[in-house]
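Reading through the structure tokens given below for one structure.
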Amino acid sequence: MNSFSERFRCAYSILVGIGHSLQSLFLLAVRLYWGWQICQTGWGKMHGLPGVVQFFASPASPRRPKRVLRWAAGSSRRYWQAI
């Protein structure tokens, strides 16, 4: 039993050492990937400016009926009055 636990500890310490040495490389890869995605998105927005302006000028989601808005406002008002 003692030899198994010793072998397990040795294997675990090797695994932790490998993970520790690859941590910075993995983080670098993730940061480069995210940076590249952000650059592509920014490039697309800057070179497609009329489309971006049109998107933000029009509502992104369909308008809700006034009845739903009245119900939501009334229920939240009742909730806060109860508190």
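The values are calculated or read from the model by the stated rules, or taken from the named source; none is laboratory data. Being a predicted model, the structure only gives us computed values, none of them experimental. Don't worry about glycine lacking a Cβ; one is built from the backbone with ideal geometry, like all the others, and counts go over all protein chains shown.
Pairing residues of segment 18-47 that are without any contact (Cβ under 8 Å) to a residue 24 or more places away in the chain with residues that are surrounded by 10 or more Cβ atoms within 10 Å (Cβ to Cβ), at Cβ distances under 6 Å and at least 6 apart in sequence or on separate chains, gives 45/52. Out of 51, 42, I need the residue that is of a type outside the set (Val, Ile, Thr) and in contact with a helix residue (DSSP H, G or I) (Cβ under 9 Å, 6 or more places away or on another chain). Which one? Exactly one of 51, 42 is of a type outside the set (Val, Ile, Thr) and in contact with a helix residue (DSSP H, G or I) (Cβ under 9 Å, 6 or more places away or on another chain), namely 51. Evaluate the following for residue 24: is it in a helix (DSSP H, G or I), modelled with pLDDT of 90 or more and surrounded by fewer than 10 Cβ atoms within 10 Å (Cβ to Cβ)? Criteria met by residue 24.
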